[in-house]
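The values are calculated or read from the model by the stated rules, or taken from the named source; none is laboratory data. None of the values given here were measured: they were computed from a predicted structure. Positions of Cβ are generated from backbone atoms using ideal geometry, with glycine treated the same way; all protein chains shown enter the neighbour counts.
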Amino acid sequence: MPVPVPRQRAIPAVESGQAPAATPAQGGGPLKEEANRTEAATPSAGGTTLTLLLIEDDPAGSPVLPELQDASGTSIRVRTARNLTEAERLLTDDVHCILLDLALPAPGGKAAEGELAVLKHVLELAPRHAVLALTASGDTERGTEAVRVGAQDYLFRDELDGRLLSRAIRYAVERKRSLTTERKLAEGRLRAQENRRLERGLLPTPLLEGSSLRFAARYRPGRSRALLGGDFYDTVRTPDGTVHAMIGDVCGHGPDEAALGVELRIAWRALTLAGLSGDDLLSTLQEVLEHERSDEEIFATLCTVDIAPDGRRAGLCLAGHPAPLIARAGRPADLLPYDNNGPALGLLKGARWPRMQVKLGAAWSLMLYTDGLIEGRVGSGGERLGQEGMVEMVRRQLASGLTGEALLRAAVNEVRQLNGGELTDDVAVVLLDRGV
């Protein structure tokens with residue numbers, strides 16, 4: 001069977017004076033009131049020429065289609081289909097609106113779905129197109145049901161005129177466009193909420209039950225509207241009473257780096273709980289990184305600390321990461337030794353990471369951080385805060401009596417202020433406190 005050729009008609013409008021105006025009938029459909037409004041109040045389709053697909057069993061001999069022209073004088077193109085088979089073939093991307101005669105028979109196997117089966121079928125075929133339902137005059141109930149099912153509006157067959165139909169078409173197109181936009185926005189909001197729940201669930205919960213140490217953390221991803229970046233941290237207490245803390249930074253701060261950071265954090269927790277520490281742990285983490293990274297140039301810095309059960313000493317491993325800051329009672333805050341800093345994970349095959357023993361004392365605060373805290377600029381020049389600037393800043397904040405969450409909040413806020421606005425890199429800070 002040959003494919004029907006679309007029949008397009010462009011007939012001068014009633015408004016142009018080339019055809020007599022139709023007399024409005026009383027008691028018309030809901031769009032009849034639209035004919036009495038000004039053109040300025042009528043929704044537009046952006047001034048583009050519209051194409052209408054009329055699905056009616058006798059379009060050539062039916063008075064259904066009056067003369068069409070929009071307010072700007074541009075004719076509305078019309079395609080006609082005698083049945084749904086022809087309509088499906090003519091339903092191309094340039095069709096903006098469908099005018100469907102509800103009296104058409106339902107396609108085979110659809111008749112059992114009710115009297116609006118033909119409309120439901122068209123809505124399945126054209127989910128992105130505006131649809132106007134055409135029904136018998138006075139059949140408001142059927143028209144209303146058509147709108148409930150999914151049509152943009154309904155029209156009465158014997159009460160059409162050129163002005164009403166052209167306005168109805170543009171109204172339907174704009175309404176469909178608005179509904180589509182609202183749906184996409186709602187879907188976007190839902191995806192954003194789901195992503196935020198997922199990211200929030202991936203942030204660590206410290207396992208410190210039974211420990212006297214106090215824990216605080218501050219985290220700010222560099223990505224806009226994200227909760228998770230390439231920085232990662234974790235803290236756990238093993239059955240022997242040792243408290244293990246870690247902080248790390250995957251180069252970059254996109255979603256791939258965030259995912260890799262989560263993998264490394266989970267691997268670190270599992271390996272730590274399994275009893276690994278020091279060089280053995282970092283060597284295994286490097287293997288994980290090498291297997292999971294998307295590019296051989298991706299690396300990660302890492303700082304691990306294992307605090308003895310008595311809280312007075314700790315083991316420190318640095319893999320290309322800044323040394324932690326320690327504040328002891330009666331002494332100014334300073335950095336822990338970093339002479340034996342090993343390479344970042346993923347840079348050198350067969351690398352080693354020596355474990356340094358450090359004395360903590362009876363009362364102390366230990367702050368682990370990522371380079372996002374020290375690489376922000378100071379003022380309008382190119383100078384960066386650096387580790388020395390951070391140490392001076394924290395000394396001043398400690399002297400003012402800040403501790404715990406308040407100290408971390410003040411530190412991150414001051415770094416942002418010194419930078420002159422939001423930091424572009426991820427920032428993670430972990431604070432462990434031991435009282436006297």
Item checked: Qualifying residues in segment 147-170 (those that are touching a residue at least 24 places away in the same chain (Cβ under 8 Å) and of a type in the set (A, V, I, L, M)) - the one surrounded by the fewest Cβ atoms within 10 Å (Cβ to Cβ) -> VAL149
Check: THR370 versus (1) closer than 22 Å to GLY278 by Cβ; (2) surrounded by fewer than 19 Cβ atoms within 10 Å (Cβ to Cβ); (3) of a type in the set (S, T, N, Q): which is the lone unmet condition?
Finding: (2)
Checklist line | Scan of segment 415-436 for residues that are surrounded by 13 or more Cβ atoms within 10 Å (Cβ to Cβ) and more than 29 Å from the chain's Cα centre (by Cα), ordered by number | finding: LEU418, LEU431, LEU432, ASP433, ARG434
Item checked: In segment 224-263, residue farthest from ASP306 (Cα to Cα) [restricted to those that are assigned to a loop (DSSP other than H, G, I, E, B) and without any contact (Cβ under 8 Å) to a residue 12 or more places away in the chain] -> SER224
Next item on the list: Could you check GLU209 against (1) in a helix (DSSP H, G or I); (2) loosely packed, with under 14 Cβ neighbours inside 10 Å; (3) at pLDDT 85 or above and say which number it fails?
Entry: (1)
Notebook entry, point to check: If you check ALA270 against the conditions, is it within 20 Å of VAL427 (Cα to Cα) and surrounded by fewer than 17 Cβ atoms within 10 Å (Cβ to Cβ)?
Noted result: no
Notebook entry, point to check: Is it true that PRO332 is under 19 Å from LEU432 (Cβ atoms), assigned to a loop (DSSP other than H, G, I, E, B) and not hydroxyl-bearing (Ser, Thr, Tyr)?
Noted result: yes
Check: Just for segment 333-374: of the residues that are acidic (Asp, Glu) and more than 18 Å from ARG395 (Cα to Cα), which one is farthest from the chain's Cα centre (by Cα)?
Finding: ASP339
Notebook entry, point to check: For GLY330, all conditions in the list (1) under 16 Å from LEU281 (Cβ atoms); (2) out of contact with any Leu (no Cβ under 8 Å at 6 or more places or on another chain) hold save one; what is the number of the exception?
Noted result: (1)
Next item on the list: Can you tell me which residue within segment 77-101, out of those that are of a type in the set (Asp, Glu) and part of a helix (DSSP H, G or I), is nearest to ASP158 (Cα to Cα)?
Entry: GLU86
Notebook entry, point to check: Among the listed residues ALA319, ALA323, which satisfies the condition of being modelled with pLDDT of 95 or more, under 30 Å from GLU292 (Cβ atoms), touching a Gly at 6+ places or on another chain (Cβ under 8 Å) and small (Gly, Ala, Ser)?
Noted result: ALA319
Notebook entry, point to check: Looking at segment 319-342, which of its residues are closer than 15 Å to LEU302 by Cα, touching a Lys or Arg at 6+ places or on another chain (Cβ under 7 Å) and not small (Gly, Ala, Ser)?
Noted result: none
Check: Quick one: GLY315 ticks every box in (1) outside any strand (DSSP E or B); (2) of a type outside the set (Ser, Thr, Tyr); (3) surrounded by fewer than 23 Cβ atoms within 10 Å (Cβ to Cβ) bar one, so which box is it?
Finding: (1)
Check: Across segment 127-166, what is the total count of residues that are in a helix (DSSP H, G or I) and farther than 14 Å from LEU100 by Cβ?
Finding: 10
Item checked: In segment 349-367, the residues that are surrounded by 20 or more Cβ atoms within 10 Å (Cβ to Cβ) and among the polar types (S, T, N, Q) -> SER365
